[in-house]
1. What number results when the radius of gyration of the stretch 19-91, computed over Cα atoms, is divided by 2.2 N^0.38 Å?
2. I'd like the distance separating the alpha-carbon centroids of the stretch 99-166 and the stretch 203-246, in whole Å.
3. Modelling each spin label as a point 7 Å along the Cα-to-Cβ direction, I'd like the K343/W200 distance in nm, to one decimal.
4. To the nearest 20 debye, what is the magnitude of the charge dipole of the chain about its Cα centre, counting +1 on the Cβ of each Lys and Arg and -1 on the Cβ of each Asp and Glu?
5. Quote the convex hull volume per residue of the stretch 258-350, based on C-alpha atoms, as a whole number of Å³.
6. Aspartates and glutamates within cross-link reach of K316: Cα-Cα under 18 Å, excluding same-chain residues under 8 positions apart?
7. For the chain, just the Cα set please: Rg and Dmax, both in angstrom.
8. To the nearest 0.05, what FRET efficiency results for L376 and L215 with a Förster distance of 25 Å applied to their C-beta separation?
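Bear in mind these aren't lab numbers, they're just calculated from the coordinates by the rules spelled out. Keep in mind it's a predicted model, so treat the numbers as computed, not measured. We place every Cβ from the backbone using ideal geometry, glycine too, and count neighbours over all the protein chains shown.
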Amino acid sequence: MSLKDLSLSAVVAGFVAVLVGFTSSVVIVFHAAEALGATPAQTTSWMWALGLGMGLTSAGLSLWYRQPVLTAWSTPGAALIAGTSGLTMAEGVGAFVVCAVLITLAGASGFFARVMDRIPRALAAALLAGVLARFGFDACLAIKGSPLMVGAMLAAYLFGRRLWPRYAVPGVLLAGMAVAAGQGALHLDAVQWRLAQPVWTTPAFSLQALIGLALPLFVVTMASQNLPGVAAQRAAGYDTPVSPPVAVTGLASLLLAPFGGYALNLAAITAAICMGREAHADPHRRYMAAVMAGCFYIALGLAGGAVVGLIAAFPKGLVLAVAGLALLSTIGGSLAIGLQDEKTRDAALLTFLVTASGLSLFGIASAFWGLVAGVLALAVQHWRPNR
């Protein structure tokens, strides 16, 4: 790491990525722990394991490749766990271990990389745009609940893009926090900082947990998380290898599973924040945004007991607006790439629409089905049998 690559915009991009990542799905993680009968100490241990796992893998992989590689917990995986019943915490941890082994094998064998190599860049870009579109819509809808705050943030973004492009997102965050503080909606003083303690749970293995949780958790993590995660990297123009990072997330999940690290994977939404031009004008220096996000993840993991209070300190409208505005250029750039070539335009548009629709079938999120729709469209329009 070179300190000359560190910048204020990278620090803020990393902070925004972590803020969006935690606030958008941490409640689902709490519900997942609750479904397995977790005690308060075990729930805090989950935050410790996930925070450290995401932080160390994000910072380590980004420094190793000098490219932004951000990891995250499996949000659809947490929703899957939250919907299970009849399993003990020990059986759940056993399922986490099996899932982690499968993710490691998928990465180390190169199978997942071979699948991703066959996806055209136009579809990958459209897939990313569809995944991120929800945050743009949410930012627009946030105006209804907080017109003054979101209006000030939008003004800060527009003037920032014209006057100081590198610091547009920091300006957006500061404007939102200033208005929220003036309205008495920012409650940082309520956060109680205390260190988290890891709690070991010895895994137990059962056929019910294997079929009902381990295998579905593996499928949704690969299809709904790792797939758009790789698409985000390629849409941003990075050639980061696929297999080693996926294998690393699997190994990290394996080590942390007994403490609550149920499944780690490549990030897409939060990674896009670190890969955009708001993180840095020079694409070769944006990796520092992911490194800083890793540092923030580690801090939150160590202070797992303060996570709930920290999330509640920021108004929901502020989080939605800063996420949507931070991702605006990435959404536009991805759509431009996806729709650029007339030969793949229909397939890319279908990929975008199905992904943005939020369609979910058989527990698998819309990113997978959007890609399926795009690939089928390409096959129908351009496939020619060998004569």
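1. My calculation over the Cα atoms of the stretch 19-91 gives 1.23.
2. After rounding, the separation between the Cα centres reads 18 Å.
3. 5.8 nm
4. 800 debye
5. Spelled out: Cα convex hull of the stretch 258-350, divided by residues, is 154 Å³.
6. Output for K316: D138, D189.
7. Taking only Cα atoms of the chain, I get Rg and Dmax of 20.2, 72 Å.
8. Efficiency, from the Cβ-Cβ distance: 0.50.
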